[in-house]
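Undergrad: Have a look at this one before I ask anything.
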Amino acid sequence: MIMATNQGTPHMPSSGSFFTPDRYFSRLSRIDIAKDLLGAGLRTVLLDIDNTILRRDTHEVPRDIVVWLAQAKQANITICLLSNNWHTSVLELAETLDLPIVAKALKPLPFGYLRALSLVHAKRANSVVIGDQLFTDVAGAHALGMRAFLLAPLVEQDLTHTLFLRNIERALLGDAQPEGGVVAQSVREMHERGSEE
Ligand SMILES: [Mg+2]
C-alpha cells in the first residue's frame, strides 16, 4: 500500500468522516500562517465568504481579517474566494480585496472547488478549504480529498436554512472547541448546558 507521505497524494480525512474538520479555529486570524498553513504544506486557500470573512449583520470584513489576508498574501499564500453566494456584492468584495473568486459555487458539489483550483493553478494536495459550514465547505473539500479548516461563524445571524443546519453541525461537533480561544457563541452554549468546562 502506498502511504500518503508527500504533498502529491490527496489527503484522506483522518477521522474517516466527511464532516470532521481537519482543524477547527475560532476565527481566520487565529490560523498561524507559518505553522498551520506553510508548515502543513498548504500554499493555497479556498476561502468561504459569508460568516467566514464577511459579517452577515454589518456586511463588513473585520479589521483582523483584512490584516490576516494581507499577511497571507505576503507569505505567498494563494487565496481564491469560493462562495455559494450569487449576489454582485461578493464580486465587488473580491475586487475590493483584490482576490480571485468563484461565486455561485454550489458547495458541496465539486465543480466550484475544481474551478477555483484551476483558476489559481493549484493542486488539491497543497490546498485547504476554509469556511464556517460543515455541510458545504468541509464536506465538499473532503469529498475531493482536500483538507478543510472549520471556523466558528463570525456572527450568529444566518440564513434560515443555514440556521437549521447549524443545529446538526453542533451535534456532529459535540464538545469540540475551536482553537484560538473560546468564542462568544461557545461561551453561550456552555452556559445553556450548565457545564463547568
Ligand atoms: Mg459561510
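None of the figures in this text is laboratory data; all of them are computed from the coordinates on show. As the structure is a computational prediction, the values presented were derived from the model and not from experiment. So basically every Cβ, Gly included, is an ideal-geometry build from the backbone, and we count neighbours across all protein chains shown.
Undergrad: Please state the relative contact order of the stretch 23-179 as a whole percent: Cα pairs under 8 Å, 6+ residues apart? Please report the intermediate quantities before stating the final value.
TA: Values: 264 pairs, mean separation 46.5, N = 157.
Value for the stretch 23-179: 30 percent.
Undergrad: Going 7 Å from the Cα of residue 155 along its beta-carbon direction, which residues of the stretch 51-74 have the amide nitrogen within less than 19 Å of the resulting point?
TA: Inside the label zone: 51-67.
Undergrad: Quick query: amide H of residue 129 versus all other amide H atoms, modeled in the peptide plane; which residues come in under 5 Å with a sequence gap of 5 or more or a different chain?
TA: 46, 147, 148, 149
Undergrad: Here is a follow-up. Distance from the Cα centre of the stretch 18-91 to that of the stretch 148-174, in angstrom?
TA: The stretch 18-91 and the stretch 148-174 have Cα centres spaced 16 Å from each other.
Undergrad: What does the charge count near residue 81 come to, summing +1 for each Lys or Arg and -1 for each Asp or Glu among other residues with Cβ under 15 Å from its Cβ?
TA: Combined, the nearby Lys, Arg, Asp and Glu give -3.
Undergrad: State whether the stretch 23-179 is rounded, prolate or oblate according to the following rule on the C-alpha gyration tensor (a ≥ b ≥ c being the square roots of its eigenvalues): a/c under 1.5 gives rounded; otherwise a/b larger than b/c gives prolate, and the remaining case gives oblate.
TA: Taking the square roots of the gyration eigenvalues as a ≥ b ≥ c, the stretch 23-179 is rounded.
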